[in-house]
1. Extension gain Ala63-Lys38, at 0.36 nm per residue separation less the Cα-Cα distance, in nm?
2. In percent, what relative contact order does the chain have, based on Cα pairs under 8 Å that are 6 or more apart in sequence?
3. Straight-line reach from Lys38: which lysines have Cα under 23 Å away, leaving out those fewer than 8 places along the same chain?
4. Positive end of the dipole of the chain, charges at C-beta (+1 Lys, Arg; -1 Asp, Glu), about the Cα centre: which of Ala12, Asn46, Asn75 has its Cα farthest in that direction?
5. Please list, ordered by chain and number, the residues whose modelled amide H lies under 5 Å from the amide H of Val69; skip anything fewer than 5 residues away on the same chain.
6. Solvent-accessible area per residue for the chain at a 1.4 Å probe radius, Å²?
7. With +1 on each Lys and Arg Cβ and -1 on each Asp and Glu Cβ, how big is the dipole of the chain about its Cα centre, in debye rounded to the nearest 20?
8. So if I place +1 on the C-beta of Lys and Arg and -1 on the C-beta of Asp and Glu, and nothing else carries charge, what would the dipole magnitude of the stretch 2-51 be about its Cα centre? I want it in debye, nearest 20.
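The values are calculated or read from the model by the stated rules, or taken from the named source; none is laboratory data. Just so we're clear, the structure is a prediction, and the values are computed from it rather than from any experiment. Here the Cβ is made from the backbone with ideal geometry for all residues, glycine too, and neighbour counts use every protein chain on show. The protein model used for the area step is the full one, side chains on, heavy atoms only, and it has no ligands, DNA or RNA in it. Shrake-Rupley method; radii C 1.70, N 1.55, O 1.52, S 1.80 Å.
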Amino acid sequence: AANGQAALENLAKMEPLPCLILLDLMMPVMDGWQFMEKKRLDPRLNAIPVVAFSALEERKISAARTDDVIRKPINPDVMIKVIQKYCVLN
């Protein structure tokens with residue numbers, strides 16, 4: 001999704017839900033911090049782990065309270081390992 005609001009709208013229609021949400025913290029309309037606040041209020045979405053992508057300093061990233069972080073620039077091998085940590089890939 002292009003922003004947090006669009007992601008929430010997509011997730012509301014999704015069945016089954018994804019095993020993981022990959023989240024860029026810096027988005028227009030609704031940023032990653034706002035997305036996380038809304039996600040935590042939705043019992044259907046609350047259990048889905050979230051991995052943030054960010055080049056921001058650790059203090060700012062931790063305020064989003066995501067389950068994990070992948071630092072930018074993204075290393076594809078690191079990304080695959082983090083995804084495998086939360087999802088069973090076939």
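1. Details: separation 25, 0.36 × 25 = 9.00 nm, distance 1.42 nm.
Here the answer is 7.6 nm.
2. On the way: 106 pairs, mean separation 23.5, N = 90.
Relative CO of the chain lands at 26 percent.
3. The reachable lysines, counting only those whose Cα sits under 23 Å from Lys38, are Lys13, Lys60.
4. Final value for the positive-end residue is Asn46.
5. Ala52
6. Accessible area per residue: 64 Å².
7. Numbers: 12 positive and 11 negative charges, 24 e Å.
With Lys and Arg at +1 and Asp and Glu at -1, about 120 debye.
8. Numbers: 5 positive and 6 negative charges, 27 e Å.
Here the size comes out at about 140 debye.
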